[in-house]
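The values are calculated or read from the model by the stated rules, or taken from the named source; none is laboratory data. Quick caveat, the model's predicted, so the values are computed rather than measured. In this analysis, Cβ positions are derived from the backbone assuming ideal geometry, glycine residues included, and neighbour counts consider all displayed protein chains.
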């Protein structure tokens with residue numbers, strides 16, 4: 001049986017200097033993952049690019065996998081926070097316009113960051129970070145469902161919870177797969193337009 005990797009962070013980075021070191025390590029790792037992939041992103045290369053010793057690396061992370069797991073969590077939660085803020089900022093827009101704005105943001109993120117997204121998505125299961133993704137998407141589903149409930153007269157659907165679930169997981173699922181297979185990275189404008197049309201028709205069906 002394959003031995004399970006320790007993914008726990010070794011040392012808190014509460015002090016300013018420690019936080020600076022961790023930030024440098026995370027930034028260096030993200031750059032290397034995007035450029036070279038997981039296998040070629042070694043602790044030595046990370047340390048060299050971050051400007052820290054390998055010993056300093058191991059003060060904070062027991063292994064490369066723990067670091068990548070942290071990056072995945074940070075990326076998922078940061079994007080969920082931004083989408084929540086976007087929904088709240090535009091909550092007074094009509095539903096079609098709101099969903100158009102959300103899809104626009106997600107599509108642009110995909111286009112700009114599809115390489116690192118593909119790498120991190122590929123590590124979700126292996127590093128046991130799917131529950132983090134499920135929880136983050138759940139926050140978005142609940143927020144959108146509450147908004148749909150308040151604006152029910154604008155919708156042709158009678159179940160805001162299911163409608164929000166389909167919109168969030170449907171849109172995110174498309175970009176999830178687009179990041180993995182890379183086949184649509186040169187067609188993101190058309191993908192964006194088609195998804196906006198699809199969601200608008202779905203909600204107003």
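Observations on the structure shown:
- Per-region count, region 165-183, residues assigned to a loop (DSSP other than H, G, I, E, B) and either modelled with pLDDT of 90 or more or farther than 27 Å from residue 135 by Cα (or both): 1
- Residue within region 184-191 that is more than 23 Å from residue 74 (Cβ to Cβ), in a loop (DSSP other than H, G, I, E, B) and modelled with pLDDT of 85 or more present: no
- Checking each residue in region 192-205 for being more than 19 Å from the chain's Cα centre (by Cα) and part of a helix (DSSP H, G or I) picks out 193, 194, 196, 197, 198, 199, 200, 201, 202, 203.
- Verdict on residue 142 being free of Cβ contacts under 8 Å to residues at least 60 places away in the same chain, in contact with a helix residue (DSSP H, G or I) (Cβ under 8 Å, 6 or more places away or on another chain) and not in a helix (DSSP H, G or I): no
- Of the helices (runs of 4 or more DSSP H) lying entirely inside region 39-122, those containing at least 2 residues that are under 16 Å from the mean Cα position of the chain (by Cα) and more than 22 Å from residue 20 (Cβ to Cβ) are 64-89.
- Condition met for residue 150 (in contact with a helix residue (DSSP H, G or I) (Cβ under 6 Å, 6 or more places away or on another chain) and either surrounded by 18 or more Cβ atoms within 10 Å (Cβ to Cβ) or assigned by TED's automatic domain parsing to the domain that holds residue 107 (or both)): no
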